[in-house]
Amino acid sequence: MEKRKGVITFGGNPLTLAGNEIKVGAKAPDFYALDSGLKPVKLSDFNGKVRIISIFPSIDTPVCAAQTRRFNVEAANLGDVQILTLSCDLPFALGRFCAAEGIDNEITLSDHKELDFGLKYGFVIDELRLLSRGVVVIDKEGTVKYFEYVKEITGEPDYDSAIKAAKALI
């Protein structure tokens with residue numbers, strides 16, 4: 001398993017990302033995670049759609065909550081784009097947050113069990129066993145067209161670039 005030190009920071013302190021670094025142009029690895037009802041969901045369940053994967057450490061932090069709210073709003077204007085929101089939060093916590101916040105334009109998934117997504121896409125924070133913050137955009141054919149590992153995990157992703165990349169694929 002690949003480990004990359006210093007790709008991201010937390011409060012300015014370097015952390016290690018574990019897993020395979022994803023690259024633009026690569027075939028998006030299939031992965032599974034659990035939905036709020038504990039049902040396994042795979043990336044391939046959404047084949048034929050443009051997919052935005054929004055990744056963050058924990059829904060119970062203000063920046064992660066803001067990221068989820070923002071992509072929920074953006075989803076209403078994106079047509080046939082599926083937004084998948086991933087963290088290592090328990091499925092119940094993600095479901096509770098979405099119900100309380102009226103999040104209904106994206107599917108929340110938990111990678112807590114196997115870190116299948118995190119390791120295949122290189123988003124696992126080795127020191128914390130959480131996912132780092134970032135975004136991946138995948139086209140209808142399953143090719144990665146955009147990705148971002150947010151350098152400082154307390155910062156927000158570049159929403160505009162991710163949305164622009166997705167809109168170009170519709």
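Residue count for the stretch 19-33, restricted to those that are among the basic types (Lys, Arg) and assigned to a loop (DSSP other than H, G, I, E, B): 1.
Taking the stretch 85-108 as the search range and keeping residues that are among the aliphatic types (A, V, I, L, M) and surrounded by 24 or more Cβ atoms within 10 Å (Cβ to Cβ), which one is farthest from SER36 (Cα to Cα)? It comes out as LEU86.
Quick one: in the stretch 31-53, of everything that is among the small types (Gly, Ala, Ser) and surrounded by 15 or more Cβ atoms within 10 Å (Cβ to Cβ), which residue is nearest to the chain's Cα centre (by Cα)?
ALA33
For the stretch 58-115, the set of residues classified as assigned to a loop (DSSP other than H, G, I, E, B) and among the polar types (S, T, N, Q) consists of SER58, THR61, ASN77, ASN105, listed by residue number. Of all residues in the stretch 16-30, those being touching a strand residue (DSSP E or B) at 6+ places or on another chain (Cβ under 7 Å), of a type outside the set (S, T, N, Q) and surrounded by 13 or more Cβ atoms within 10 Å (Cβ to Cβ) number 8.
Report yes if THR16 is in contact with a Lys or Arg (Cβ under 6 Å, 6 or more places away or on another chain) and in a strand (DSSP E or B), otherwise no. In short, yes. Residues satisfying the criterion are present in the stretch 133-148 (criterion: free of Cβ contacts under 8 Å to residues at least 40 places away in the same chain and assigned to a strand (DSSP E or B)). Among the residues of the stretch 149-161, those that are acidic (Asp, Glu) and either over 23 Å from LEU15 (Cα atoms) or part of a strand (DSSP E or B) (or both) comprise GLU152, ASP160. Selection of the stretch 29-60 for residues being at pLDDT 95 or above and polar (S, T, N, Q) yields SER44, ASN47, SER54, SER58.
The values are calculated or read from the model by the stated rules, or taken from the named source; none is laboratory data. For clarity, every value in this text was computed on a predicted model and none was experimentally measured. Quick reminder, even Gly has a Cβ in these numbers, built from the backbone with ideal geometry, and neighbours come from all protein chains shown.
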